[in-house]
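Enquirer: Handing you a structure now.
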Amino acid sequence: MIEYWFMFPIAIVVACLATGSGFGGGILFFPIFIHGLNLSVPEAVGTGMITELCGMTSAMIAYTEQKQVEFDLALPMIIISFPGLVIGLHLASSVNPAIPKMFFGLAVISCALWVLMSIKKTTENTRAHILVEEIFPWAWVPFFGGIASGMTSVGTAESVLPVLDRLLKIEIHRAIATTVVVEGCVGWLATALNIWEGQIRWDVAVFTTAGVIIGGRLGPMVSRMIAERILKLVFSIFVILAGLQMIYKSIGYFF
């Protein structure tokens, strides 16, 4: 049980940087699990999901207490995400391992580019509430986000937040709070299915879950000491490099 003790400080650093810059920690945990610990894709997804779930659950409770969550929007997106998640989990365990790895690389590079674009964002969102009907044209987004999360543990939050923030123009704090609830509920279902399938490496998860709880508390303090733009820039560079490495190593499986 102590073989992977070094993941405890690594998880603290990853969670600290992630919560301070707006990324999900799974973006870096997945390549660490795959290339650093040699876990299989399903094990990396399952272990990454339960690691993120600890921080997400705490955030869900906090945002609910603050009454920042748009539950009218969150509920349909959760329902739409679930079938996509089940499909993604099936694909992660049944297709060529190189496919979800390459998918992950493309997905996280896209996320990093979106965050880099948001650094120079000048428009302000002022809408506190929107009608449920306004989410219908974008109903396909959480479905495919669920597929991505099932395949790589990354995708739901990274796809839902841009829709709420950029397209529907919801006030950013409410957009984040609603996204956290959607991601958290998807994470609970994914973790239940991964436990059922035995896809979680508990010898790793015991250290990563403890680390993200501490790192999640440190992230807000770090963001106050270091400019948010610098954190986003640094973390985006790491994410892009991780995505490129995943794509490069996956290409070899096809030739």
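Enquirer: Just the residues that are touching a Phe, Trp or Tyr at 6+ places or on another chain (Cβ under 9 Å), surrounded by fewer than 23 Cβ atoms within 10 Å (Cβ to Cβ) and either β-branched (V, I, T) or in a helix (DSSP H, G or I) (or both), please, taken from the stretch 175-204. Break it down into steps so the answer makes sense when it comes.
Expert: At the first step, the residues of the stretch 175-204 found to be touching a Phe, Trp or Tyr at 6+ places or on another chain (Cβ under 9 Å) are 176-178, 180-181, 185-186, 189, 201, 203-204.
Applying the additional criterion that residues be surrounded by fewer than 23 Cβ atoms within 10 Å (Cβ to Cβ) yields 176, 185, 189, 201, 203.
Matches in the stretch 175-204: I176, C185, L189, D203.
Enquirer: For a quick check of your reading of the model, give me the residue pairs whose first member lies in the stretch 198-212 and is in contact (Cβ under 8 Å) with a residue 24 or more places away in the chain, whose second is crowded, with 22+ Cβ neighbours inside 10 Å and in a loop (DSSP other than H, G, I, E, B), with beta-carbon atoms closer than 8 Å and at least 6 apart or on different chains.
Expert: Listed by first residue and then by second, the contacts come to V212/G25.
Enquirer: Looking at S149, S118, which one is assigned to a helix (DSSP H, G or I), touching a helix residue (DSSP H, G or I) at 6+ places or on another chain (Cβ under 9 Å), within 26 Å of A44 (Cα to Cα) and modelled with pLDDT under 85?
Expert: Details: S118 fails: within 26 Å of A44 (Cα to Cα).
Sole residue among the options that is assigned to a helix (DSSP H, G or I), touching a helix residue (DSSP H, G or I) at 6+ places or on another chain (Cβ under 9 Å), within 26 Å of A44 (Cα to Cα) and modelled with pLDDT under 85: S149.
Enquirer: Can I ask one more? Spot the failing condition for V163; the list is (1) modelled with pLDDT under 80; (2) surrounded by fewer than 23 Cβ atoms within 10 Å (Cβ to Cβ), and only one is missed.
Expert: (1)
Enquirer: Report, by residue number, each residue of the stretch 67-110 that is hydrophobic (A, V, I, L, M, F, W, C), within 16 Å of V180 (Cβ to Cβ) and either touching a strand residue (DSSP E or B) at 6+ places or on another chain (Cβ under 9 Å) or in a helix (DSSP H, G or I) (or both).
Expert: Of the residues in the stretch 67-110, the ones hydrophobic (A, V, I, L, M, F, W, C) are 69, 71, 73-75, 77-80, 82, 85-87, 89, 91-92, 95, 98-99, 102-104, 106-109.
Next, only the ones that are within 16 Å of V180 (Cβ to Cβ) stay: 69, 71, 73-75, 77-78.
F71, L73, A74, L75, M77, I78 - these are the residues of the stretch 67-110 that are hydrophobic (A, V, I, L, M, F, W, C), within 16 Å of V180 (Cβ to Cβ) and either touching a strand residue (DSSP E or B) at 6+ places or on another chain (Cβ under 9 Å) or in a helix (DSSP H, G or I) (or both).
Enquirer: If you don't mind, there's one more thing I want to ask. Taking interchain pairs and intrachain pairs at least six residues apart, which have beta carbon atoms under 6 angstrom, with the first residue in the stretch 67-88 and over 11 Å from V186 (Cβ atoms) and the second surrounded by fewer than 20 Cβ atoms within 10 Å (Cβ to Cβ) and among the β-branched types (V, I, T)?
Expert: D72/V132
The values are calculated or read from the model by the stated rules, or taken from the named source; none is laboratory data. Worth saying up front: this structure is predicted, and the values here are computed from it rather than measured. Cβ sites come from the backbone with ideal geometry, for glycine too, and all protein chains shown count toward neighbours.
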